[in-house]
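For reference, the structure is listed below as structure tokens.
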10 protein chains.
Amino acid sequence: MNKIDPKLLKAIDYEYPGKRIEIVIETDEFTCLCPWSGLPDFARLRISYIPAKVCVELKSLKFYLYSYRNVGIVHESVVNRILSDLVKNIKPKEMNIDATFNIRGGLKTTVRAEYKKR
Amino acid sequence: MNKIDPKLLKAIDYEYPGKRIEIVIETDEFTCLCPWSGLPDFARLRISYIPAKVCVELKSLKFYLYSYRNVGIVHESVVNRILSDLVKNIKPKEMNIDATFNIRGGLKTTVRAEYKKR
Amino acid sequence: MNKIDPKLLKAIDYEYPGKRIEIVIETDEFTCLCPWSGLPDFARLRISYIPAKVCVELKSLKFYLYSYRNVGIVHESVVNRILSDLVKNIKPKEMNIDATFNIRGGLKTTVRAEYKKR
Amino acid sequence: MNKIDPKLLKAIDYEYPGKRIEIVIETDEFTCLCPWSGLPDFARLRISYIPAKVCVELKSLKFYLYSYRNVGIVHESVVNRILSDLVKNIKPKEMNIDATFNIRGGLKTTVRAEYKKR
Amino acid sequence: MNKIDPKLLKAIDYEYPGKRIEIVIETDEFTCLCPWSGLPDFARLRISYIPAKVCVELKSLKFYLYSYRNVGIVHESVVNRILSDLVKNIKPKEMNIDATFNIRGGLKTTVRAEYKKR
Amino acid sequence: MNKIDPKLLKAIDYEYPGKRIEIVIETDEFTCLCPWSGLPDFARLRISYIPAKVCVELKSLKFYLYSYRNVGIVHESVVNRILSDLVKNIKPKEMNIDATFNIRGGLKTTVRAEYKKR
Amino acid sequence: MNKIDPKLLKAIDYEYPGKRIEIVIETDEFTCLCPWSGLPDFARLRISYIPAKVCVELKSLKFYLYSYRNVGIVHESVVNRILSDLVKNIKPKEMNIDATFNIRGGLKTTVRAEYKKR
Amino acid sequence: MNKIDPKLLKAIDYEYPGKRIEIVIETDEFTCLCPWSGLPDFARLRISYIPAKVCVELKSLKFYLYSYRNVGIVHESVVNRILSDLVKNIKPKEMNIDATFNIRGGLKTTVRAEYKKR
Amino acid sequence: MNKIDPKLLKAIDYEYPGKRIEIVIETDEFTCLCPWSGLPDFARLRISYIPAKVCVELKSLKFYLYSYRNVGIVHESVVNRILSDLVKNIKPKEMNIDATFNIRGGLKTTVRAEYKKR
Amino acid sequence: MNKIDPKLLKAIDYEYPGKRIEIVIETDEFTCLCPWSGLPDFARLRISYIPAKVCVELKSLKFYLYSYRNVGIVHESVVNRILSDLVKNIKPKEMNIDATFNIRGGLKTTVRAEYKKR
């Protein structure tokens, strides 16, 4: 319950593999811990991707995101780690992640990362 | 009453066939069933297209969309199926469909597909 | 009182003819009739253009738009007809019209047309 | 699947029976059929109540509301029927229901009903 | 087509006559003419009432409101007339009407009237 | 052109004198001058009243409000003066005025006054 | 780390004990677990109170609210428990708590409780 | 520059002393320091009052509020102190102050105080 | 007081002349007169520019804009004139002006002009 | 306490140096003084950048921004100075700063600057 668990991620076949679609998944419920203070961080998360052969199964994504709940991790790593775990598991053509973390010390921080298959 | 019925779709002549226009149709009232749980899904749907010779008749589109009401179908297929049925029936120059499904398990999902006549 | 009357449109000289400007006119008050049911339709209308030598006089535009009040006409024709009447009368360099019609049967429809002088 | 089913409603004990609380449940996902046209109606529903000894179990409420999906019923009866089924099942001190139905023919309709234990 | 026609109003039985409910009907599509200039006026209209034995049938209300389309009438009379026609036809326990007319000369005007059965 | 001119105000008969209505008039276009600096002030104005025998004619109200344009006057006096001029001219049963002046030095100021016939 | 810890709550003297004030504290960051599924719940929380002799120290409140993070607890108990812990610790004249939990199964739930010193 | 300076407050005569008005002054620009950390706090401030014989001069209020800029003071004291300084200086019939402080540690705090002349 | 006065405009040195910045100035307080009716017009104005060697001094811009207060001028000329006066006085690399005039006769009009140094 | 202190800025290693991300930091809490009047200015600040090897440490950025609190500085210099201090300290691939200053004299001013590593 205290580590990020990419094995929770499940893929389902994309039934129209030749057809290009974009899938956008948004949640207000991402939470992890600050690695220095141990205090909770909260973020709005947005994942968008162009599937190749498979899509991420939504329930499994939910459980994967919940696995960050008691993990200490910095903002930049949250975004890079989710991107890298999802790319490995569903091998999309393109993927973008952005996370907007709640105000701390008067500052609101958004981190964006992207992947493009070569 | 339990299957998607593309025969409900009717076309009407576009009276200015040489003139390029864009038509955007939006509805908050799309609903179908989850193929696994049998529970209802709800979506905001947006259809935009450049007509060639015909437009979709609005009332017929309404009835066609209603035919999903008691059908179990995943998000990606909703969008691909509507796109394919409309392209077959009204042969537009271009068409985009996007559907934003209501929050399930804290996640809101949007699926977008597009067609361009070659 | 029951026909579209383009003779109501008046032009006024554009006093800075060499200077490129864009003019955007918006109204919430466009109304006409459905040609099939005879029932009123309502739309938000947006007209934008780059004038060449003349601008449309605003009061005259208001009267011209009022002339649709008791006329039965489909959405696509509303936009194409206004565009064609305005282009004929003020000969702009470019013009765009879009009209967003109020919800009917759960569907909201927007139609967009554009003109570019060759 | 074609009748309103109050037996789906389950109660759970309210664990602080002496303490007055107000519970408000809102959903954008209520749908039923128009009894005359057979076409779908959609509504935002808001249920608020002061529990006495039991609360409505949320999952069971969801299933109860889903049982209206293929039932033809007028707006006023939707609200009165939900109120009466809930009052019978959870015997609250007070309860209010209001439902705002989507625009039909340019008209948006809200119906409100309330119950107060004597 | 040029006079207010209260005969268009139809009542339907309220099926729970002992139960007090409130019904609110809102529309963005009210339009009439200014009695002095003959130019169109537009208003957002809100009708709320407590039915006694009957409710107003929604389609008939729509047609009744359309009968103002080509009638010259001042703002205060619009509200008083609708109130009086509806009270006569559906004999509610209470009724409130308010209409917010679109900006004219920089001024936006709202008129409210109410009826309470003695 | 440099003085407040209550003679511009005209009354029109209220045609339903026995019926209590409320009339609310709002404008974003009130402007006068600061009596100390001579610089323009701008306000959103809201006038609401219960007419007795007459209503204020809207066009005349517009001209009356324009007469403040080049007059130096403090916020509190704007509201008291408009209230007093209107009460004198249309003798309402009740009247409320509020004006929200644009930000000056980081402060936004609203002034409200009311009149009730004894 | 898995139990609600009211000992985290600290009080600070209210320096104007004779003067009645209202204090409202709002947060978007409340989270606990569903006692049945073990899945996270999220809520917007609003605490308002009239202090008597002490106020709750804000940092200590933050830590107290964090102690719910890995605790399984139903919505009604969240609100009743926070109310009871705060009343015990800061003995206010009045206190209200309301919590709006994120959508689950299409339903958004708000729970409100209040305390008044007799 | 490091102390609250009520001598900055100036009153101006209220020219309609018999007439009851309400004056509301709002600003987004209140800032002071946290007495413990020395870090800046920011608040939206709202002052409303019923003047008796004098009003607060707006420019002087701006300077008075600026005098908090480098002063360490807790939220509750900000509101009580401003109320007390203003009541002493302009002797209103009634006055309300509320301040909503920016989010710190995920918590947004509002403090309200009021004065009524006996 | 009745003529546009470009001599009011003052420039201040831009202290980082090699560094490209964009400056955007917005106001809700532009007002002039309609040249035909003499009635006031109101607009939201937006000026954006890339300074070369000097910036416009803000206070002087405010006074310059106030000089339109009692001048009769059409919408298109307002935008062209402000652009031309500012370009002459501060010689920017690029400048855009847009003005959105308040609704008249149900129509809201925006005019945009731009300048690019060759 | 009265000078801008870039030594407060601390960098932390970016742990995914080969991966391109964008970081956006926003705050409503920037304040400095007007160099002419000595009065406070307030701005919403937005910093976005593509890190190369290091990121700015958020707490240190907060302290750096606080160091402007009692410094007199014009809008254009605020943006250029923050950009130059951050570029020197964290050597990003790209950086954009924009600041929207609160309304003064009816004018709201935004300044934008950008840096791109050659």
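Only the coordinates and a few stated rules stand behind these numbers; no lab work does. Because the structure is a prediction, the values reported are computed rather than measured. As a convention, Cβ positions derive from the backbone with ideal geometry for all residues, glycine included, and neighbour counts pool all protein chains shown.
For region I:39-118 and region D:1-56, what is the separation of their C-alpha centers, rounded to whole Å?
Answer, in whole Å: 56.
Need one number: % antiparallel among DSSP beta bridges in region C:6-116, to the nearest 5. The partial results should precede the final answer.
Working: 29 of 30 bridges.
The answer is about 95 percent antiparallel.
Throw me the Rg/Rh for the protein assembly as shown, computed over C-alpha atoms with Kirkwood Rh, two decimals.
Using Cα coordinates only, the ratio equals 0.94.
Hey, got the dipole for chain D? About the Cα centre, +1 on K and R Cβ, -1 on D and E Cβ, debye to the nearest 20? If you can, show how the numbers build up before the last one.
Values: 21 positive and 14 negative charges, 73 e Å.
So the dipole magnitude of chain D works out to roughly 360 debye.
Would you compute, from DSSP H runs of 4+ residues alone, the mean residue ellipticity of chain D at 222 nm, taking -39500 (n - 2.57) per run and dividing by the full residue count, rounded to the nearest 500?
Calculated mean residue ellipticity at 222 nm is -6500 deg cm²/dmol.
Given R₀ = 35 Å, what would the calculated FRET efficiency be for F:Glu94 paired with D:Lys19, taking r from the Cβ atoms and rounding to 0.05?
Efficiency, rounded to the nearest 0.05: 0.25.
Non-local amide H neighbours of D:Val54 (under 5 Å, H modeled in plane, Pro and chain starts lacking H): which ones?
Correct list: D:Tyr14.
When a footprinting reagent is the concern and you count Cβ atoms within 10 Å, what order do G:Leu39, E:Leu65, J:Leu107 take, fewest first? Working shown, then result.
On the way: G:Leu39 14, E:Leu65 25, J:Leu107 19.
Sorted ascending by nearby Cβ count, the order is G:Leu39, J:Leu107, E:Leu65.
Scan chain F for the residue whose Cβ is closest to the axis carrying it onto chain J, then write down that distance in whole angstrom.
Rotation axis F onto J, closest Cβ, rounded to whole Å: F:Ile103, 2.
For Cα pairs less than 8 Å apart in space and 6+ apart in sequence, what is the mean separation divided by the residue count of chain J, i.e. the relative contact order in percent?
30 percent
Loop only per DSSP, at most 11 neighbouring Cβ atoms within 10 Å: give me the chymotrypsin sites (Phe, Trp or Tyr not before Pro) in region G:26-118, ordered by residue number.
In loop regions of region G:26-118 (DSSP not H, G, I, E or B), the sparsely surrounded chymotrypsin sites (Phe, Trp or Tyr not before Pro) are G:Trp36.
By the scheme Lys and Arg +1, Asp and Glu -1, what is the net charge of all other residues having a beta-carbon under 12 Å from that of J:Cys32?
Neighbour charge sum, excluding J:Cys32 itself: +2.
Restricting to lysine pairs 8 or more places apart or on different chains, what number in region D:6-102 have Cα atoms under 20 Å apart?
21
If you take every residue apart from F:Lys62 with its C-beta less than 10 Å away from the C-beta of F:Lys62, what net charge results, scoring Lys and Arg +1 and Asp and Glu -1? Intermediate values should be presented prior to the final figure.
Values: positive: E:Arg104, F:Lys59; negative: F:Glu29, F:Glu57.
Combined, the nearby Lys, Arg, Asp and Glu give 0.
Would you work out which of C:Thr27, C:Ile90, C:Ser37 lies farthest towards the positive end of the dipole of region C:6-116, given +1 charges on the beta-carbon of Lys and Arg and -1 on that of Asp and Glu, about the Cα centre?
C:Ile90
Taking other Cβ within 10 Å of each residue's Cβ, how do B:Glu15, I:Glu26 sort, fewest first?
Details: B:Glu15 12, I:Glu26 17.
The order, fewest Cβ neighbours first, is B:Glu15, I:Glu26.
Going through region F:1-44, which trypsin sites (Lys or Arg not before Pro) have at most 15 other Cβ atoms within 10 Å and a DSSP loop state?
F:Lys3, F:Arg20
Using a Gaussian network model on chain G with a 10 Å cutoff between Cα atoms, which of G:Pro35, G:Pro92, G:Pro51 fluctuates the most?
Greatest mean-square fluctuation among the candidates belongs to G:Pro35.
Dipole magnitude of region F:50-105 about its Cα centre, charges +1 at Lys/Arg Cβ and -1 at Asp/Glu Cβ only, in debye to the nearest 20?
180 debye
Taking the 0 to 90 degree range and rounding to the nearest ten, how far is the long axis of helix C:75-90 tilted relative to the main principal axis of chain C, both from C-alpha atoms?
20 degrees
Need one value for B:2-11: mean number of C-beta atoms belonging to other chains within 10 Å of its residues' C-beta atoms.
Other-chain Cβ atoms within 10 Å of each residue's Cβ, averaged: 0.
Once you average over the residues of E:75-82, how many Cβ atoms of partner chains fall within 10 Å of each Cβ? Walk me through the intermediate numbers first.
Values: counts 4, 10, 3, 0, 5, 5, 2, 0.
Per residue, the average neighbour count from other chains is 4.
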